[in-house]
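Just below is one structure, and these are the notes that go with it.
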Amino acid sequence: MPADAQGMPEAAWADASVAMPASDGALLAAIEAAATASSRRTADVESAVLGGHPTMARILDIVDRIAATPATVLITGESGTGKSLLAREIHRRSGRQGRFVEVACGSLSESLLESELFGHVAGSFTGAAGDRDGKFLLADGGTIFLDEIATASPAMQVKLLRVLQDMQFEPVGGSQTHSVDARVILATNESLETLVAAGRFRADLFWRINVVAVEMPPLRDRKTDIPVLAAHFLRTTATRAGRAVEGFTPAAVDALAAHVWPGNVRELQHAIERGIFLGRGACVELGDLPAAVLGGGGLAACPGPETTPLKQALATPERQLIVAALEQAGWRRDVAARTLGINRTTLYKKLKRLGMDLATLEPAR
């Protein structure tokens with residue numbers, strides 16, 4: 001078993017041995033068996049990533065019971081607890097043949113979100129040079145995942161209520177009504193009940209989406225899942241980075257186990273990605289991990305980048321300084337560049353020169 005698979009189910013890593021087929025028919029049968037085994041191993045790994053803690057076992061039992069139904073699902077929990085991972089697992093188990101389409105509602109303005117969800121026709125607004133399909137249409141036959149739904153404006157809440165009632169909508173600037181068959185999953189890290197009481201979220205929309213509610217637990221309440229998650233993130237990140245990383249040093253393991261993970265699964269993923277990217281050895285070492293993890297505490301502040309321009313910090317390795325700036329800027333490239341005292345173009349040039357691929361660093365939702 002690979003070193004990075006410690007704690008993962010052995011079945012997920014078992015290698016199938018296929019004898020040399022004696023005929024074309026046997027060859028086809030062997031290929032089909034291998035494909036089936038590969039698909040099963042992939043499914044096992046994807047499920048294992050969510051963890052094996054009793055709380056997660058209960059959640060996955062709910063997922064099994066509702067996956068094949070059209071029920072709307074509302075996933076709640078702190079930021080970074082893995083709500084997107086759970087939404088993908090619901091889609092995977094649903095048997096739906098269409099796409100899984102994710103929309104980060106909180107990252108778009110009201111007008112952009114409306115166009116993103118429902119599409120638009122040519123000429124409907126400045127810059128709309130042609131017709132564009134929205135995410136709901138792209139998710140037809142599949143699943144649409146609306147993350148950060150609590151950020152939707154009152155006007156957008158009205159539009160979403162109508163879509164959820166009859167699964168019909170018109171694109172921005174258009175009059176043709178589209179009907180879709182899409183499973184809707186929503187997520188929030190805020191209490192919608194509190195927002196309803198404060199008049200910031202429509203009560204009728206809340207009751208419409210609160211069909212099956214699942215609360216993702218914080219990572220600090222299921223620390224036994226850390227080895228499983230860490231092994232997965234190490235394997236996938238090392239593959240994307242093109243590095244042969246075998247695992248973690250004992251000191252790094254101790255630090256990962258001691259940290260309280262206020263940023264939950266996303267923070268863990270980020271810490272391991274950083275460790276792999278900054279590390280140079282065969283194992284992720286203690287010094288490769290973020291300062292907050294080294295302290296074994298909560299939101300420890302990292303000194304420097306917000307007040308130290310890049311040219312004045314030549315003693316600090318560029319890789320570490322750039323990653324720290326991106327962390328503190330919430331992965332907004334323009335903000336990180338200003339923090340470093342450079343422009344965005346220069347930042348990208350430095351990333352390219354240093355061989356830094358942001359896809360291996362930026363945390364998942």
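The values are calculated or read from the model by the stated rules, or taken from the named source; none is laboratory data. Keep in mind that this is a model prediction, so the values were computed, not measured. Note that each Cβ is placed from the backbone with ideal geometry, even for glycine, and that neighbours are counted across all protein chains shown.
I'm trying to understand the selection: among the residues of region 203-222, which are without any contact (Cβ under 8 Å) to a residue 40 or more places away in the chain and either surrounded by 15 or more Cβ atoms within 10 Å (Cβ to Cβ) or of a type in the set (G, A, S) (or both)?
Of all residues in region 203-222, those without any contact (Cβ under 8 Å) to a residue 40 or more places away in the chain come to 203, 206-207.
The answer is A203, F206.
Does region 261-280 hold any residues that are over 18 Å from the mean Cα position of the chain (by Cα) and either buried (at least 18 other Cβ atoms within 10 Å of the Cβ) or modelled with pLDDT of 90 or more (or both), and which are they? Even if it seems obvious, please write down each step before you answer.
Residues of region 261-280 that are over 18 Å from the mean Cα position of the chain (by Cα), as a first pass: 275-280.
Selection gives G275, I276, F277, L278, G279.
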Inset, instruction - Would you be able to tell me the number of residues in region 78-104 that are within 14 Å of the chain's Cα centre (by Cα) and either under 25 Å from P262 (Cβ atoms) or exposed (fewer than 15 other Cβ atoms within 10 Å of the Cβ) (or both)? - result: 14
Inset, instruction - Just give me the residues in region 147-202 being acidic (D, E) and surrounded by fewer than 18 Cβ atoms within 10 Å (Cβ to Cβ), in sequence order. - result: D166, E170, D181, E190, E193
Inset, instruction - Find the residue count for region 213-232, including only residues that are of a type outside the set (V, I, T) and either closer than 25 Å to A67 by Cβ or in contact with a Ser or Thr (Cβ under 9 Å, 6 or more places away or on another chain) (or both). - result: 11
Inset, instruction - Using the structure shown, decide if R92 is in contact with a helix residue (DSSP H, G or I) (Cβ under 9 Å, 6 or more places away or on another chain), in a helix (DSSP H, G or I), modelled with pLDDT of 90 or more and more than 19 Å from L160 (Cβ to Cβ). - result: yes
Inset, instruction - Return a yes/no flag: does region 122-138 have any residue that is within 24 Å of K83 (Cβ to Cβ) and either in contact (Cβ under 8 Å) with a residue 60 or more places away in the chain or not assigned by TED's automatic domain parsing to the domain that holds L74 (or both). - result: no
Inset, instruction - Give the number of residues within region 237-260 that are assigned to a loop (DSSP other than H, G, I, E, B), surrounded by fewer than 19 Cβ atoms within 10 Å (Cβ to Cβ) and touching a residue at least 60 places away in the same chain (Cβ under 8 Å). - result: 1
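Could we say that A231 is surrounded by 21 or more Cβ atoms within 10 Å (Cβ to Cβ), under 20 Å from A87 (Cα atoms) and within 20 Å of the chain's Cα centre (by Cα) here?
Numbers: surrounded by 21 or more Cβ atoms within 10 Å (Cβ to Cβ): yes; under 20 Å from A87 (Cα atoms): no; within 20 Å of the chain's Cα centre (by Cα): yes.
No: the conditions fail for A231.
So for region 286-300 (the condition being part of a loop (DSSP other than H, G, I, E, B), at pLDDT below 65, more than 22 Å from G80 (Cα to Cα) and of a type outside the set (D, E)), does at least one residue qualify? Even if it seems obvious, please write down each step before you answer.
In the first step, residues of region 286-300 are kept if they are part of a loop (DSSP other than H, G, I, E, B); the result is 289-290, 295-300.
Now narrow it down to the ones that are at pLDDT below 65: 296-300.
Those left that are additionally more than 22 Å from G80 (Cα to Cα): none.
Within region 286-300, not a single residue is part of a loop (DSSP other than H, G, I, E, B), at pLDDT below 65, more than 22 Å from G80 (Cα to Cα) and of a type outside the set (D, E).
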